[in-house]
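These notes are about the structure you will find just below.
The values are calculated or read from the model by the stated rules, or taken from the named source; none is laboratory data. All values derive from a computational prediction rather than experimental measurement. Note: ideal-geometry Cβ built from the backbone for every residue, glycine included; neighbour counts use all protein chains shown.
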Amino acid sequence: MKLRRTIVVLCGAALSVVGLTTPGTAQTTQTGVSVTYQSNAQHDGSLLDTGVGAPPLGEKWSRDLGGDVSYPIVAGGRVFATAASPDGYGTTLYAVDATTGQDAWAPVDLGGTYWWSALAYGDGRLYAQNYDGVLTAFDPATGAQLWTVTLPGQYSFTSPPTFAGGLVYTGGAGSGGTLYAVDAASGAVRWTRPVANGDDSSPAVTADGVYVSYACEQTYAFDPRSGDPIWHHDTECSGGGGRTPVVADGGVWIRDDAGMTPSVLDATDGTVRDTYAAGGSSPAPAVDGREGYFVDGGVLQERYTPTLATRWTFKGDGQISTAPIVVNGYVYVGSETGQLWALNGATGESVWSTDVGAPIHGPDEHNVSQPLTGLGAGGGLVVVPASHTLVAYGH
């Protein structure tokens with residue numbers, strides 16, 4: 001069963017480096033681990049120093065979690081994911097030992113209306129958010145709850161959280177929209193800002209801005225510390241929902257499923273730098289330097305980001321569904337048929353593929369019938385959520 005929310009507004013580091021630190025202590029820059037949706041705070045899907053060797057890879061372990069599985073967080077010798085409850089509304093948080101695939105600590109019921117939830121990691125804490133806006137920090141080593149807060153003012157929360165610079169950023173909707181910045185150490189809400197919708201768009205964060213994008217490409221940039229507005233790309237249209245932006249190569253890559261051509265905005269001022277071809281349901285692109293990887297219509301294309309010229313195309317089985325990720329120069333994508341590929345990022349040559357054993361669904365950014373899904377990597381593993389199963393590959 002698909003449950004869709006309609007909200008209408010009028011719009012004017014390798015794992016050996018990043019360990020399970022004590023919450024609140026200094027932490028090495030998070031290189032080579034998947035810490036949020038599309039791997040990092042910029043959502044560009046690009047990972048280095050993951051400890052993942054060149055493909056081919058072999059299956060290390062597989063877990064049936066009983067319900068549709070979210071994108072994984074891979075950090076500190078653990079793989080974290082949420083799964084939809086098979087017995088009713090709500091989701092369950094799982095912490096899996098990255099080496100054995102066994103539970104590192106007992107699963108946690110996150111509760112919540114419907115089956116949506118999402119995770120982020122940073123400053124030695126794991127952050128979980130459910131549909132009702134309950135944001136909770138856990139000790140990733142033990143599963144102990146460190147703090148919990150119910151975000152105020154909204155009732156529909158489908159914006160995956162992003163950690164950066166000691167803050168957790170997320171959005172909420174239901175009555176207009178709100179962007180939240182939450183203190184990662186205490187759970188205190190540091191600032192909020194009104195936005196056009198507030199749902200679905202996971203904040204993309206850099207040192208210079210927090211970027212969110214909603215229906216009809218309504219896109220905002222805010223100062224990460226103060227929340228002061230930097231710019232607003234206002235398309236003067238109405239609609240509900242949003243899509244996660246990608247910040248890469250000086251641009252903010254945005255998408256929309258209301259018939260508008262996807263755009264690349266200048267990250268400094270929000271002006272339209274270019275447009276690119278992609279369907280309304282296309283997942284977020286991955287960008288590695290100036291190599292952009294785009295899935296559209298079940299096919300993967302590599303485009304040179306300054307000109308958007310297509311340099312190679314990979315059709316696979318014609319049902320490529322996932323947002324791509326790039327791990328040490330290899331592009332990983334999955335298919336609705338359950339096929340997983342690793343491609344040479346420069347040439348598009350398929351260097352390895354495997355049948356995961358279940359459909360690898362693409363990210364459904366507009367419904368609440370399952371957690372948001374996507375690929376992850378770190379600690380020598382590429383981790384794939386395939387329907388009810390979480391599968392890890394490595395050497």
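Residue count for region 31-79 under the criterion of being more than 11 Å from residue 380 (Cα to Cα), among the β-branched types (Val, Ile, Thr) and outside any loop (DSSP other than H, G, I, E, B): the result is 3.
In the set (1) closer than 20 Å to residue 216 by Cβ; (2) within 20 Å of the chain's Cα centre (by Cα), the condition left unmet by residue 274 is number (2). Taking strands (runs of 3 or more DSSP E) as the structural unit, those lying wholly within region 80-125 and holding at least 3 residues that are within 20 Å of residue 366 (Cα to Cα) and at pLDDT 95 or above correspond to 117-122. Out of region 341-395, which residues are closer than 18 Å to residue 318 by Cα and assigned to a strand (DSSP E or B)? Scanning region 341-395 gives 341, 342, 343, 350, 351, 352, 353, 354, 355, 386. Out of 307, 313, report the one residue that is more than 23 Å from the chain's Cα centre (by Cα) and either in a strand (DSSP E or B) or closer than 24 Å to residue 337 by Cβ (or both). Step by step, each of 307, 313 is checked, and only 313 is more than 23 Å from the chain's Cα centre (by Cα) and either in a strand (DSSP E or B) or closer than 24 Å to residue 337 by Cβ (or both). Under 9 Å by Cβ, and 6 or more places apart or on different chains, what pairs join a residue from region 197-220 that is at negative phi with one that is in a helix (DSSP H, G or I)? The qualifying pairs are 197/215.
All of 213, 159 fail the test of being assigned to a strand (DSSP E or B) and crowded, with 23+ Cβ neighbours inside 10 Å, apart from 213. Summed over region 277-304, residues that are surrounded by 21 or more Cβ atoms within 10 Å (Cβ to Cβ) and part of a loop (DSSP other than H, G, I, E, B) total 3. Residue 256 satisfies every condition listed in (1) within 23 Å of residue 113 (Cα to Cα); (2) touching a Cys at 6+ places or on another chain (Cβ under 7 Å) except (1).
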